[in-house]
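Below is one structure; the comments refer to it alone.
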Amino acid sequence: MGGWLLLCCALVACMVVLGGVTRLAGAGLSMVEWRPLLGAVPPLDAEDWRAVFAQYQQFPEYRSRPVDLAGFKIIFWIEYAHRLLGRVAALVFFVPFLFFLARRRLPAGFALQLALVFLLGALQGLLGWFMVQSGLTDNPRVSPLRLSAHLALALALFVWLWWLALHCLRPPAPAEWGARACFGLTVTAVVFATAAYAGLVAGSRAGFVHNTFPLMDGHVLPPETFAMAPWWRNFTDNAVAIQFAHRAMALLSVVMVMAWALAVRRRAVVAAAVMVAVAAQALLGIATLVHGVPTPLAAAHQGCALLLLGALVYSVHREVFARGV
């Protein structure tokens, strides 16, 4: 069962990274219909492609950046792969879940948790379409808030599946939620929030402004950071403020993760894994920013966020269900 949950976890991670690539490629609005079942079948001949392309041409996204049929096929296949992977992940999760449930092979308390995971997965699909709909308007850009919510839910599914997989792969001792474990949970929550807020960075294209580090074009706090009123709107609608907030959250994450690594230093391998992951994530984030958000670096940055979250969840799990050093 642990291997099955690990596979599901890996599929969710791939979905997150491929979703980032889809966003960077501008492919998210190439499929203008959401057909959960029939949508699994792509265009099969030239007539089908002409029909799908004609649908796409009716929306402002096409008028804002026209492409020919060959260019459309590229972005269509990227979005199609993202949606197809979601369907595959749902099947890989649901069929074995029914099998284990029917055979009564689920550990105590797992049936309800896994049922909730499946419901969240279904909600993730609905939220994805809700996000796409926000861009099928006169302003062909998906809502940054909806994009961030979509990413946050995917991260939550990844963390939950990973936690359950750890329970199966390493049967835990009785739980001990001491002060150190609570600190580790807090660190994980801060890193989770930083990763989820990256959805606002992507949706507002905040990574394409002030591409310098450590200062933002010579400023710690650029003068346009609070250009909007009320002030809180800047952190959802102002690209400069969003980038500043993400930088600040990332810095806080690095400091807290390093403190956590010191707190669990007696588990040398775990502490080292956490430190390496946060260092790699920080370096990838800086490289992504200063090079103007190239797709390979941005995808690696997003993937490394999942590795960091995974390492933190593992370290907290070890702390809560301690079996010695």
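A short reminder: the numbers here are calculations on the coordinates, not readings from a lab. Everything numeric in this text was worked out from a predicted model, so none of it was measured. Note that each Cβ is placed from the backbone with ideal geometry, even for glycine, and that neighbours are counted across all protein chains shown.
Some values worked out for this structure:
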| item | result |
| --- | --- |
| Two-site label geometry, L169 and L136: point separation in nm, points 7 Å out along Cα→Cβ | 3.9 |
| Mean Cβ neighbour count within 10 Å, used as a protection proxy, ranking 85-92, 257-264 highest first | 257-264, 85-92 |
| Gain on full stretching of the segment that runs from L215 to L283 - 0.36 nm per residue minus C-alpha separation | 23.0 nm |
| Rounded, prolate or oblate (a/c below 1.5 giving rounded, otherwise prolate when a/b exceeds b/c) for the chain by Cα gyration tensor | oblate |
| Choice from D68, D138, D217 showing the highest fluctuation, given a GNM over the chain with Cα pairs closer than 10 Å | D68 |
| Note, ³J(HN,Hα) from phi for region 24-31, Karplus 6.51, -1.76, 1.60, rounded to Hz, x at Gly and Pro | 5, 7, x, 9, x, 9, 6, 10 |
| Karplus 3J(HN,Hα) series, Hz, for region 54-71 with 6.51 cos²θ - 1.76 cosθ + 1.60 (x for Gly, Pro) | 5, 4, 4, 5, 7, 10, x, 4, 5, 5, 7, 8, x, 9, 8, 4, 5, x |
| Cβ-derived FRET efficiency at R0 35 Å, Q113 paired with R35, nearest 0.05 | 0.70 |
| Inter-part distance where region 252-317 and region 145-161 are each reduced to a Cα centre, Å | 18 |
| Ascending count of other beta-carbon atoms within 10 Å, so fewest first, for M1, M15 | M1, M15 |
| Karplus-derived HN-Hα couplings along region 228-237 (A = 6.51, B = -1.76, C = 1.60, θ = phi - 60°), whole Hz, x at Gly and Pro | 9, 10, x, 4, 5, 5, 4, 7, 10, 10 |
| Debye log10 I(q)/I(0) for region 183-230, one point scatterer per Cα, at q = 0.28 Å⁻¹ | -1.02 |
| Estimated inter-spin distance, L7 and S64, nm [label 7 Å along Cα→Cβ] | 3.9 |
| Where chymotrypsin sites (Phe, Trp or Tyr not before Pro) fall in DSSP loop in region 1-81, at most 15 other Cβ within 10 Å | W34 |
| Ranked E319, E176, criterion: other C-beta atoms within 10 Å, fewest first | E176, E319 |
